[in-house]
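Below is one structure; the comments refer to it alone.
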Amino acid sequence: AVLVDPLLLTRALTNIVENALHAMPDGGRLRVEVAADADGGPLRVVVTDTGVGMDAEALARIFEPYFSTKTSGTGLGLTIAKRNVEAGGGQIDVRSERGHGTTVTLALPVSAARAGS
C-alpha cells in the first residue's frame, strides 16, 4: 500500500502518459513498470517512451508552469504531476535525451505496514 491520494496519483500518471504519447507522433513504445523496494523503500513507477526526447535546456524547465515543448496544451501537465506526487511525500525524476525518449520515475512512499512486511 502506498501513501498517496489515488485521485492525485491518477491525474499525475495521466499527464505523464499523455505527454509520452504526444512525444511519439509517428508511433513508438510506451512502457510502464512498477517495482517495490525489497527493503521497504519507495514504490517506483517508471514510465518510459521512445519519443522525440528533450534537450538539456527543455529538461531544466519542464516543471515550470506554462512551459511546454508542444504547440498545444497549457504547459501545466508536469507541473501538476510534480505537485501531486510531492503532496503525498513522493518524488518525481525525469531523464531525457533528444532523439532517444524520456523516462519519468515516481518514487512513492509505502505504508509502515507494507514497509515492515
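Whole-percent P(r), the chain, all Cα pairs, 5 Å bins from 0: 2, 12, 21, 24, 18, 11, 7, 3, 1, 0.
In the chain, the longest principal axis of the Cα atoms and the axis of helix 77-87 are about 10 degrees apart. With a simple spin-label model that places each label point 7 Å from the Cα along the Cα-to-Cβ direction, the separation between residue 29 and residue 87 comes to 3.4 nm. Under 18 Å from a label point 7 Å along Cα→Cβ of residue 100: give me every residue in region 50-90 with its amide N that close. Once the point is set 7 Å along Cα→Cβ of residue 100, 50-60 turn out to lie under 18 Å by backbone N, inside region 50-90. Normalised size of region 23-80, defined as Cα radius of gyration per 2.2 N^0.38 Å with N residues, equals 1.40.
Values in this text are rule-based calculations from the coordinates and carry no lab data. Because the structure is predicted, anything quoted here is derived from the model rather than measured. Glycine gets a Cβ as well: all are built from the backbone with ideal geometry, and neighbour counts include every protein chain shown.
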